[in-house]
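A.B. asks: Got a structure for you, written out below as structure tokens; questions coming shortly.
The values are calculated or read from the model by the stated rules, or taken from the named source; none is laboratory data. This one's a predicted model, so the numbers in the text were calculated from it and none came from an experiment. FYI the Cβ positions are ideal-geometry reconstructions off the backbone, even for glycines, and counts take in every protein chain you see. Areas reflect the complete protein model, heavy atoms only, side chains present, ligands, DNA and RNA absent. Shrake-Rupley method; radii C 1.70, N 1.55, O 1.52, S 1.80 Å.
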Amino acid sequence: MAIRDILIIPDKRLRLVSEPIKTFDKALHALVDDMFETMYAAPGIGLDAIQIGVPQRVITMDLAKKDDPKAPQVFINAELTWKSSESSVYEEGCLSIPEYYEEVERPAHVKVKYADLDGKEHEVDADDLLATCLQHEIDHTNGVLFIDYISKLKRDMVLKRFKKAAKRGENTRAAYENSTPEHRIG
Ligand SMILES: [Zn+2]
């Protein structure tokens, strides 16, 4: 197991469309182990493989509250099969866009088809935080970021800030250590 570096915008790999998993082998288990270790260390409540530079459709998640026991969940090849017309607004953050939070409106209720680590297919009926988090993470597998849903003006400001920081070679993660963990969706 190893903690991997999390890609930060404007890293172009975050815009890749990830490939589906076809072989549920030891390499996949090793990837998921690394993702959980990286996610818990961040800390975040969700992580997509592309955020550690692996363009494969793998999502790790743990929505357990701070003092509750860990509740790790893995969603492989996840895709939305249904979404409600009713929407909800949640203040989102992202491990790849540290220190930035914005309200995002998404369908309040979704159904998601996915495979587990053994390749067995499941469907989950999700609302609340799980619905938001699944949509945020499935977006990552398609190269979509939550800032794509905010106004162009706000998005341009965020991108400019991170492009500047990247140019200066600044460690944006260091500044991130003190921010509120509740919003770090992943
Ligand atoms: Zn994210």
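A.B. asks: Taking K and R as +1 and D and E as -1, what net charge do the other residues with C-beta under 11 Å from the C-beta of PRO20 add up to?
C.D. replies: Net charge around PRO20: 0.
A.B. asks: Viscosity 1.567 mPa s, temperature 4 °C: Stokes-Einstein D of segment 61-159 from its Kirkwood Cα radius, in µm² per second?
C.D. replies: 89
A.B. asks: Note down the nm distance, to one decimal, between modelled labels 7 Å out along Cα→Cβ at LYS26 and at ASP128.
C.D. replies: Going from the LYS26 label point to the ASP128 one covers 4.0 nm.
A.B. asks: How compact and how long is segment 1-137, expressed as Rg and Dmax of its alpha-carbon atoms in Å?
C.D. replies: Computed over the Cα atoms of segment 1-137, radius of gyration and Dmax are 14.5, 41 Å.
A.B. asks: Under the rule of -39500 (n - 2.57) per DSSP H run of 4 or more residues, summed and divided by the residues of the chain, what mean residue ellipticity at 222 nm is obtained, to the nearest 500 deg cm²/dmol?
C.D. replies: Taking each H run of at least 4 residues, the total per residue is -9000 deg cm²/dmol.
A.B. asks: Which of the lysines could be linked to LYS164 by a straight reach, that is with a Cα gap under 26 Å, when you skip same-chain ones fewer than 8 residues away?
C.D. replies: The qualifying lysines are LYS12, LYS152, LYS154.
A.B. asks: Output the pairs from LYS22/LYS70; LYS111/LYS160; LYS83/LYS163; LYS26/LYS113; LYS66/LYS113 with a Cα-Cα distance over 25 Å in this structure; if there are none, say none.
C.D. replies: Checking Cα-Cα distances, LYS22/LYS70; LYS111/LYS160; LYS83/LYS163; LYS66/LYS113 exceed 25 Å.
A.B. asks: Carbon-plus-sulfur fraction of the accessible area of segment 1-111, 1.4 Å probe, in percent?
C.D. replies: Accessible surface attributable to carbon and sulfur in segment 1-111 totals 51 percent.
A.B. asks: Per residue, how many Å² of accessible area does segment 1-73 show with a 1.4 Å probe?
C.D. replies: Values: 3980 Å² over 73 residues.
Accessible surface, normalised per residue, equals 54 Å².
A.B. asks: While we're on this one: What longest region of the chain stays clear of GluC sites (Glu not before Pro) that DSSP places outside H, G, I, E and B and that have at most 11 other Cβ atoms within 10 Å? Don't skip to the end; give the middle numbers.
C.D. replies: On the way: sites that count: GLU86, GLU177.
The segment 87-176 is the longest one with no such site.
A.B. asks: Can you send over the solvent-accessible area of ASP127, 1.4 Å probe, protein chains only, in Å² to the nearest 10?
C.D. replies: Near enough 80 Å² of accessible area.
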